[in-house]
Amino acid sequence: MPARALRHELLLVLGVSLGASAVRALVSFAGVVTRPGGLSEQAANLNTSRAPDRPWLDLAWQLVSISTALVPVLLVAHLLLREYGYGGGPDGSPGQRGLRLIGFDLTRPRFDLPWGAVVAAGIGGSGLALYLGAHAAGANLTVVPESLPEVWWKYPVLIASAVQNSVVEEVIVVGFLLRRLDQLGWSATGSLAASALLRGTYHLYQGIGGFFGNVAMGVIFVWLYRRWGRVMPLVVAHALIDIVAFVGYGLLAGRVDWLPTP
């Protein structure tokens, strides 16, 4: 496939997904730092209610938001299928194609699940410590992972949102981005930097701590992807981190004094 086509595909995927999120995060951060008051006095709200007085309408909004956010992943799957046509490998023989090219499949659960849990435990614990430290130092907004009403679907929606975040981010910012940059002749160091900086930038709405913490996470995830050749353990790890953050905040906010709240 010509380099120009590969470049256009990458820019278009980023333009309808995490690249656009990075631009919005930059604008949001500019607004936050020019607003009176310190960063820790302001809040970054993640899973919020769209119709707090109408639970069924609110649920519909949540499900629409989660499902439409996954469309860029379907676009990535389509573009990866087109690399060798729909028949299989470069010679037309059966083989890895589509999302399997980046290791997004269910073929190795005994590898993906335990290693994903190990990565989640390591990054989740250090990430929480970094957030609390950055917030105390005034370098991070107060992150509010969820502010949904107390309804029956609250925690299932939070779990679905966590899984959606993990799939979108790891498929696009690790698997697809690195594959296209490799095909365009980027060095391993350049690709790692691009992926990690992109991850940090679209989390900049959380503040300086959120940026640097996610850059560090991006470096680790790229290194693990290069080592394993699969994004699925990273999806598992990211999903577990977000599930603990979303559900944990819902259960603990206002009940413990060490967790920052608005």
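The values are calculated or read from the model by the stated rules, or taken from the named source; none is laboratory data. The structure displayed is predicted, hence computed values, not measured ones. Note that we place each Cβ from the backbone using ideal geometry, even for glycine, and neighbour counts take in every protein chain shown. Accessible surface is based on the protein model in full, side chains and every heavy atom, while ligands, DNA and RNA are left aside. Shrake-Rupley method; radii C 1.70, N 1.55, O 1.52, S 1.80 Å.
Let a ≥ b ≥ c be the square roots of the eigenvalues of the Cα gyration tensor of the stretch 5-83; is it rounded (a/c under 1.5), or, if not, prolate (a/b larger than b/c) or oblate? Oblate.
For residue 217, what is the net charge nearby, where nearby means another residue's Cβ is under 14 Å from its Cβ and Lys, Arg count +1, Asp, Glu -1?
Numbers: positive: 199; negative: 169, 170, 242.
Spelling it out: positives minus negatives among the neighbours equals -2.
Ellipticity at 222 nm from helices only: DSSP H runs of n ≥ 4 in the chain, each -39500 (n - 2.57), divided by the residue count, give -20500 deg cm²/dmol.
When a/c reaches 1.5 or more, the comparison of a/b and b/c decides; with that in mind, is the stretch 205-262 rounded, prolate or oblate per its Cα gyration tensor? Please report the intermediate quantities before stating the final value.
Details: a/c = 4.01, a/b = 1.80, b/c = 2.22.
Oblate shape, in that a/c is at least 1.5 and b/c is the bigger or equal ratio.
Could you check how much of the accessible area of the stretch 1-141 is carbon and sulfur, as a whole percent, using a 1.4 Å probe? Numbers along the way, then the final one.
Working: 5320 of 8250 Å².
Ligands and nucleic acids excluded, carbon and sulfur give 64 percent.
Across the accessible surface of the stretch 170-262, with the other protein chains kept in place and a 1.4 Å probe, carbon and sulfur atoms take up 66 percent.
Using the Cα gyration tensor of the stretch 102-229, with a ≥ b ≥ c the square roots of its eigenvalues, what is the shape: rounded (a/c below 1.5), prolate (a/b larger than b/c) or oblate (neither)? Each step should come with its number before you reach the end.
On the way: a/c = 1.89, a/b = 1.25, b/c = 1.50.
It is oblate, given that a/c is not under 1.5 and a/b is not larger than b/c.
How much area per residue is accessible in the chain when the probe is 1.4 Å and only protein heavy atoms are counted (Å²)? Could the numbers behind the result be given before it?
Numbers: 12890 Å² over 262 residues.
Spelled out: the 1.4 Å probe surface of the chain, per residue, equals 49 Å².
For residue 99, neighbours were defined as the other residues whose beta-carbon sits under 13 Å from its Cβ, and their charges (Lys and Arg +1, Asp and Glu -1) total +2.
Placing R0 at 30 angstrom, the Cβ-Cβ distance between residue 220 and residue 258 gives a FRET efficiency of 0.75 after rounding to 0.05.
When nucleic acids and ligands are ignored and a 1.4 Å probe is applied, residue 232 ends up with an accessible area of around 20 Å². Taking the longest Cα principal axis of the chain as reference, the axis of helix 109-136 is set at about 40 degrees.
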